[in-house]
Amino acid sequence: PLSAVAAQAGQFIKYKCRKGECGTCAVRVDGQWIRTCSVTVPHLPDGEAYQVFVRPTMVKGKKSSRFFSVRSFFDGFKNNILGMVGFVKEGPLSRKGRENFNQRISAEQELLERAKARKAAREAAKAAGLSLEDYEERLRAELARGEAEATTKAARK
């Protein structure tokens with residue numbers, strides 16, 4: 001492909017798809033736009049040359065040799081200060097933080113209780129020789145039967 005020839009000549013060309021679909025690598029050769037990642041270089045007679053125009057955006061820019069800039073350092077410092085202020089305002093020692101903490105703990109305890117009940121039901125179903133779904137269906141039926149009996153007893157009194 002033309003991109004390989006450009007690389008050998010030291011010309012940087014941007015790519016995205018490398019399949020000729022996105023058009024990021026397009027250059028103008030003899031007045032016609034072509035995609036360098038998919039087009040091969042046609043043979044030219046000796047002494048002739050292509051007129052190739054590469055967009056200025058394809059020129060490889062200088063990389064910064066510094067790991068960080070002064071501005072990024074101060075932006076990070078500012079964000080850390082804001083984070084600390086937010087932590088103090090809404091952190092675990094504030095009223096809002098304690099309420100959130102208590103809500104999370106109660107939700108976790110409720111989840112643990114549900115998991116224990118589910119595990120107990122699974123073990124009871126295994127002991128009864130039923131699948132968990134069949135066992136739960138039997139429990140629902142017994143519960144409905146018990147509620148019906150309680151209703152009839154209350155109606156008799």
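The values are calculated or read from the model by the stated rules, or taken from the named source; none is laboratory data. From a predicted model like this one, the values you see are computed outputs, not experimental measurements. With ideal geometry, Cβ positions are generated from the backbone for all residues, glycine too; neighbour counts draw on all protein chains shown. Accessible surface areas use protein heavy atoms only, side chains included; no ligands, DNA or RNA. Shrake-Rupley method; radii C 1.70, N 1.55, O 1.52, S 1.80 Å.
Points worth noting:
- Residues considered: 74, 67. Of these, the only one that is under 30 Å from residue 25 (Cα atoms) and within 31 Å of the chain's Cα centre (by Cα) is 67.
- Residue count for region 134-153 satisfying the condition of being closer than 22 Å to residue 122 by Cα and aliphatic (A, V, I, L, M): 4.
- Residue match in region 25-35 (condition: in a loop (DSSP other than H, G, I, E, B), among the β-branched types (Val, Ile, Thr) and at pLDDT 70 or above): no
- Where a residue in region 103-126 is touching a residue at least 12 places away in the same chain (Cβ under 8 Å) and its partner, wherever it lies, is among the aromatic types (Phe, Trp, Tyr), with Cβ under 6 Å and at least six apart: none
- For region 73-87, the condition holds for no residue, the condition being that it is β-branched (Val, Ile, Thr), modelled with pLDDT under 80 and surrounded by 10 or more Cβ atoms within 10 Å (Cβ to Cβ).
- Yes/no for residue 148 being touching a Phe, Trp or Tyr at 6+ places or on another chain (Cβ under 6 Å), hydrophobic (A, V, I, L, M, F, W, C) and modelled with pLDDT under 85: no
One line per residue, one yes/no per condition, for (1) open to solvent by 90 Å² or more (accessible area, probe 1.4 Å); (2) under 40 Å from the mean Cα position of the chain (by Cα):
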position	(1), (2)
113	yes, yes
117	no, yes
130	no, no
143	yes, no
146	no, no
156	yes, no
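- Answer residue from region 1-13, given it is surrounded by 14 or more Cβ atoms within 10 Å (Cβ to Cβ) and assigned to a loop (DSSP other than H, G, I, E, B) and is modelled with the lowest pLDDT among those: 1
- When every residue of region 60-72 is checked against the conditions, none turns out to be assigned to a helix (DSSP H, G or I), modelled with pLDDT under 70 and surrounded by 10 or more Cβ atoms within 10 Å (Cβ to Cβ).
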